[in-house]
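The structure is given below, and queries will be raised subsequently.
A short reminder: the numbers here are calculations on the coordinates, not readings from a lab. Model, not experiment: these values are computed from the prediction. As a convention, Cβ positions derive from the backbone with ideal geometry for all residues, glycine included, and neighbour counts pool all protein chains shown.
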Amino acid sequence: MNVELKNNDLFLKIAELLQTARQTVVRAVNQTMVYTYYEIGRMIVEDEQKGKERAEYGKQVLKELSKKLTIEFGKGFSVQNLENMRKFYLLYTLDTNSQSPIRISESTNTTLSWTHYLVLIRIENKDERRFYEIEALNNNWSVRELQRQCDTSLYERLALSRDKQGIKQLAEQGQIIEKPTDILKDPYILEFLNLPEKHQYSESDLEAAIIDKLEHFLLELGKGFTFVARQFRMTIDEKHFRADLVFFNRLLKCFVVIDLKIGELSHQDLGQMQMYVNYHDRFVKLPDENKTIGIILCKQKSDVLVEITLPENNDQIFARQYQTVLPDKQMFINVINESEILI
């Protein structure tokens, strides 16, 4: 055997072992830190409950405690951080439906860090908080990605297309992908493209920006998406047609064709997508794969036009709006509340 090849094989084995060990150490540190801060929060709350619940008393105790802990153990024990530990304990103790503050995802074998929980404890809605905790674990989100998903109102955008039972499922299980509508959002948030709301750009500019930030776009699309092609060519009677973007969703086991429209959606756009979907179903997909899904991302659309143009039993073609700036979270909350009243 070639000595260099043998040495490389040895290196790969050792590198894999060290990488596993490093991940185990990080996971253990995360667990220990989160548990420790949870316990500190418990001790602070229990001290307050000894008949000394006056606000001024509590503030003074935390100031003194912060000063002593900082001298003894260094940074990380500011008054604000101690208040966060207290809030952390209260949120995960008083809410009897909350998961343990030290959870391990079965799919990724990871745990959330204290910094993740600093983001989570700022979420007042307990169902929303549980949803983001589950999704962060199952998708191995970094703190930055978790913050982005919160900022783009992922929970509210998914909840808008669900009934009460569906919203409850989001809080208890996270996003479950079982049918085409489970992957849809409305709107899609593309703030990472850095295209200002009133900036003049073409559909090709939008497509190029998405390709340039493909990793971010895949995260916005959601679970199970893999990139297949850009400007996918279809030839029919010697005429060429091109779909802007084609993906494959591993969970639904189907192709997902995406067309981009910078203006208002027309019935011609829907007819064109119907052709793209039919083409993939008849000439591209394998026998054991499911029907192709078509999504048109547009700046404006008429729900009535979409409903009249597409078949009543449509389960393949969808029109969704996109935004290039962060959404107004309160607007989504108001719409959800109004929907619940109507139900």
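What is the angle, in °, between the Cα long axis of helix 3-48 and the longest principal axis of the Cα atoms in the chain? Nearest 10 is fine, range 0 to 90.
Orientation of helix 3-48: about 60 degrees from the principal axis.
Loop sites only, by DSSP: take the trypsin sites (Lys or Arg not before Pro) in the chain that have at most 12 other C-beta atoms within 10 Å and name the longest stretch containing none of them. Provide the component values of the computation, followed by the final result.
Values: sites that count: Lys50, Lys52, Arg54, Lys75, Arg122, Lys198, Arg250.
Answer from the scan: 251-343.
Follow-up. At 0.36 nm per residue, minus the direct Cα-Cα distance, what do His216 and Asn314 gain on full extension? Give it in nm, one decimal, please. Could you put the intermediate results ahead of the total?
Values: separation 98, 0.36 × 98 = 35.28 nm, distance 2.91 nm.
This chain segment gains 32.4 nm when fully extended.
Evaluate the charge dipole of the range 188-326 about its Cα centre and quote only its size in Debye, nearest 20, assuming +1 on the Cβ of each Lys and Arg and -1 on the Cβ of each Asp and Glu.
Working: 16 positive and 21 negative charges, 59 e Å.
So the dipole magnitude of the range 188-326 works out to roughly 280 debye.
Rounded, prolate or oblate: which fits the range 189-238 when a ≥ b ≥ c are the square roots of the eigenvalues of the alpha-carbon gyration tensor, with rounded for a/c under 1.5 and prolate only if a/b beats b/c?
Working: a/c = 3.03, a/b = 1.30, b/c = 2.33.
It comes out oblate by the Cα gyration axes.
Would you mind getting me the FRET efficiency between Asp127 and Lys67? Use the beta-carbon distance for r and R0 = 30 Å, nearest 0.05. Don't skip to the end; give the middle numbers.
Numbers: r = 38 Å, r/R0 = 1.27.
In this case the efficiency is close to 0.20.
Would you mind getting me the FRET efficiency between Val304 and Lys179? Use the beta-carbon distance for r and R0 = 30 Å, nearest 0.05. Don't skip to the end; give the middle numbers.
Values: r = 24 Å, r/R0 = 0.80.
Result of the calculation: an efficiency of 0.80.
When the chain is treated as a GNM, springs tying every alpha-carbon pair under 10 Å, which of Phe225, Phe283, Phe73 comes out with the largest mean-square fluctuation?
Phe73
How large are Rg and Dmax for the range 188-326 when only the alpha carbon atoms are used, in Å?
14.8, 45
Using Cβ counts within 10 Å as a stand-in for footprinting exposure, how do His267, His216 rank, fewest first?
Working: His267 13, His216 16.
Lowest to highest Cβ neighbour count: His267, His216.
Tell me, what ³J(HN,Hα) does each residue in the range 249-263 have, in order and in whole Hz, if you take phi through Karplus 6.51 cos²θ - 1.76 cosθ + 1.60 with θ = phi - 60° and put x for Gly and Pro?
Going residue by residue, I get 9, 5, 6, 8, 6, 8, 6, 10, 9, 10, 10, 10, 10, 8, x Hz, with x marking Gly and Pro.
Also, quick follow-up: With a sphere of radius 11 Å drawn around the Cβ of Met273, what net charge do the other residues whose Cβ falls strictly inside it have (Lys, Arg +1; Asp, Glu -1)?
On the way: positive: Lys261; negative: Asp244, Asp259, Asp269.
Taking every Cβ under 11 Å from that of Met273, the sum is -2.
Moving to a separate point now. Restricting things to Cα coordinates, could you compute the convex hull volume per residue of the chain in Å³? Intermediate values should be presented prior to the final figure.
Working: hull volume 76.4 nm³, N = 343.
Hull volume over Cα atoms, normalised by residue count, gives 223 Å³.
Further question: For the range 262-308, what percent of Cα pairs sit more than 12 Å apart?
Details: 695 of 1081 pairs.
Roughly 64 percent, rounded to a whole number.
7 Å from Cα along Cα→Cβ at both Gln49 and Arg22: what's the point-to-point distance in nm?
Result: 4.3 nm between the two label points.
Pick from Gln147, Gln231, Gln321 the residue whose mean-square fluctuation is largest in a GNM of the chain, springs joining Cα atoms under 10 Å.
Most flexible of the set in this elastic network: Gln231.
Okay, moving on. Using only DSSP helix segments of four residues or longer, with each worth -39500 (n - 2.57), what per-residue ellipticity at 222 nm results for the chain after dividing by its residue count and rounding to 500?
Details: 13 runs with 178 residues, N = 343.
When only DSSP H runs of four or more count, the value is -16500 deg cm²/dmol.
Here are some pairs, Lys185/Lys291; Lys213/Lys299; Lys164/Lys185; Lys261/Lys329; which of them have Cα atoms lying more than 27 Å apart in this structure? Each step should come with its number before you reach the end.
Working: Lys185/Lys291 19 Å; Lys213/Lys299 19 Å; Lys164/Lys185 17 Å; Lys261/Lys329 24 Å.
The pairs that break the limit, which is 27 Å between Cα atoms, do not exist here.
Now a separate question. Please find, in a Gaussian network model of the chain (springs between Cα atoms separated by less than 10 Å), the residue of Val143, Val277, Val25 whose mean-square fluctuation is greatest.
So, out of Val143, Val277, Val25, the one fluctuating most is Val25.
Also, quick follow-up: Over 10 Å intervals from 0, what percent of Cα-Cα pairs in the range 270-336 sits in each interval?
Result, from short to long distances: 17, 39, 28, 14, 2 percent.
Moving to a separate point now. Work through the residues other than Phe192 whose Cβ is under 13 Å from its Cβ and net out their charges, Lys, Arg +1 and Asp, Glu -1. Numbers along the way, then the final one.
Numbers: positive: Arg144, Arg148, Lys213; negative: Glu145, Asp151, Glu191, Asp212, Glu215, Glu220.
Combined, the nearby Lys, Arg, Asp and Glu give -3.
Can you run phi through the Karplus equation (6.51, -1.76, 1.60; θ = phi - 60°) for the range 129-142 and list ³J(HN,Hα) in whole Hz, with x for Gly and Pro?
Once θ is set to phi - 60°, the couplings for the range 129-142 become 4, 5, 4, 5, 5, 5, 5, 5, 5, 5, 9, 6, 5, 6 Hz.
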